[in-house]
Structure formats: structure tokens, C-alpha cells
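Notes for the one structure printed next.
The values are calculated or read from the model by the stated rules, or taken from the named source; none is laboratory data. Computed from a prediction, not measured in an experiment: that's the story for all the values here. We place every Cβ from the backbone using ideal geometry, glycine too, and count neighbours over all the protein chains shown.
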């Protein structure tokens, strides 16, 4: 008899040092009786994922959209084990694909969702759409944050971040505007770069993985813009501790960075459409144009790290411990049902 119940969690192949939902959840699940293997499933990794699923003697497969969901369902059918669909992004985020391809993927995704043993939705809008399509018992589990990790970061983490900033010719005591996460073109990073030229007293720091934004071109020739690359997630609270402003001009309902910036006490620039989802006191709603960014940043002129304060408590932000507990309940339910 196996000592632990085994989960294979398939994800799209991404960088290892981005603040991604499943990694945060698994950190907490590892404290429980489930052993979770996180496996890339895109491109050539799909073969490795398939071999792992067949050889690994798993009890449950979890598949993250997009490719983890698509492959995971097929493997669960082949191996006759329960399948959990994890819909962390809505299908319309890939509607830039050629129409015939998008329609095929859209059809197949809802086909898989309707046949999964359980489906978790991160976005309220996706969850509502699932209800309207008659999906049985969908579960809504939003993104979250480990509040203390960001509100009161470890001193060693703060020191390591300070040293990295200095190594990159950034004064930790200067006014720092920070972006963390994937460098995606639709996240208005180019507009932030343009705005930085009119804000020479600020340092603009980008941390994360390049994923099509051409971030090297954005920072090139601009003395106060810096792309530092990706770092272990444990260091992110340290970078935020030295920052004065968060940059989150992301057209998405559940950006992880927004809750992390909020927990860290950072005033944060966000786009107007976010008002339908959030009313945190630290959010500054602006159009994602260089002119609006400059105006908003100038309104914060002279703000020091010690001046930061937002009236939001830990219990107003979802936390990863509670989210992982609900995944734990889902896994136990499916394990008991299949056993």
C-alpha cells in the first residue's frame, strides 16, 4: 500500500522563477499527505509528461490550461484515473490565434472541462461562463498571497535584494517603480518604458521572464530602466521592500502581482477595467499610456518606502494556505471516489 497519494500536475512550459499559482499551492500541499509532481507539458515536454504519467503510478492528474489541460485529460482517460481541470486563464486570452485554430481549441477546452471529474476556475467570469454552459459543480478558487511573506519579509531576503540592486547600478534608496512576472507585450511594458524617459528621478525595474515583450529593447538606451532577469520567488518580497510603486497594467482579472504588491504595501498602477474586480486602497487606476503613467508617478513624487501605508488587513486577501486546503479536499474526494 502506498504511503502517500500521488498527484501529477501538468502545466504549460514556462520559466521557473515566475510567481505562478500552482507553485504556491504545491508549497502548501507538500505539508499534507499528497505527493505532487509538477511537470511541464508543452512542445517536446509533452513526451516527457506522457512517459511520467504512464510510469509514475499516479492517483490523480491535474491539468493546467492550456496544454496541461489538453494532454492531461487524454492521459487520464488512457490510464483510467481521475482528472482535475485547472482553468487559471480564460480561453479568450488566446483569441489572437487564427480563427479556425482558436475555434477548435475553444471547442476542445470546453469538451475537456465538461468531462473532467472536477474543474477549478480562477476567474469569476470563467466560473460564471461554466455555470451558464451547464458544467456540473465547478469550483472557484481565486489567486492569493502569503501575506506575511510580503508584509514583513525576512531580513536576509531584503539584504540579498538590496545587494542585487546595487550590483545592477540601482541605488536601493532611490525611488523605484517595479514590475514582476512574465514580460508579455499586452502588459503595456513599452508604454512604461516610454514614460520612464520623462521620469529621470525614478528607477524602473523589471524582474521576470521575457515572453514576447522585447524587454531588452524597451530598456536599451534608457539609463533609468533595468531588466534584471528572473530570480527565485523567495527574493521577490525583498525587491518589493525596496520599491515605492508597483506596476500592474495588466488586462487580467486575477494578476498575482496585484495581491503581492498590495500585501507589500505598494501603491500600484492598474488599468481602469480592474475597478470591477478590486477596490483596494493602494490601487491607482489610469489609462495605460505614457502620459497617464507620467502623471500618476509625478503625483507620488517624494514618496519614500517608510511613507507607504494602505488600510488593508491580511484577512481581506485570500491566502495560499486556504486555497491549498480546498485543493486538498478535492483530491481526497476524488481519491476516495476512485478507491
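Odds and ends about this structure:
- Filter result for the condition that a residue is in the same structural domain as residue 258 (by TED's automatic domain parsing) and part of a helix (DSSP H, G or I), over 218, 176: 218
- Residues located in segment 180-204, provided they are surrounded by fewer than 24 Cβ atoms within 10 Å (Cβ to Cβ), in a strand (DSSP E or B) and at pLDDT 95 or above: 202
- Filter result for the condition that a residue is surrounded by fewer than 17 Cβ atoms within 10 Å (Cβ to Cβ) and under 24 Å from residue 144 (Cβ atoms), over 55, 44, 66, 32: 32
- If you check 166, 115 for being surrounded by fewer than 21 Cβ atoms within 10 Å (Cβ to Cβ) and in contact (Cβ under 8 Å) with a residue 24 or more places away in the chain, only one passes: 115.
- Reported count of residues in segment 246-280, each being out of contact with any helix residue (DSSP H, G or I) (no Cβ under 9 Å at 6 or more places or on another chain), surrounded by fewer than 17 Cβ atoms within 10 Å (Cβ to Cβ) and assigned to a loop (DSSP other than H, G, I, E, B), is 1.
- Scanning segment 47-75 for residues that are part of a helix (DSSP H, G or I) and either closer than 15 Å to residue 112 by Cβ or not assigned by TED's automatic domain parsing to the domain that holds residue 86 (or both) yields 67, 68, 69, 70, 71, 72, 73, 74, 75.
- Test: residue in segment 219-242 that is within 17 Å of the chain's Cα centre (by Cα), crowded, with 23+ Cβ neighbours inside 10 Å, within 15 Å of residue 186 (Cα to Cα) and touching a residue at least 12 places away in the same chain (Cβ under 8 Å): no
- Flag if residue 254 is over 18 Å from residue 207 (Cβ atoms) and free of Cβ contacts under 8 Å to residues at least 12 places away in the same chain: no
- Of the set (1) touching a residue at least 60 places away in the same chain (Cβ under 8 Å); (2) in a strand (DSSP E or B), all apply to residue 85 but (1).
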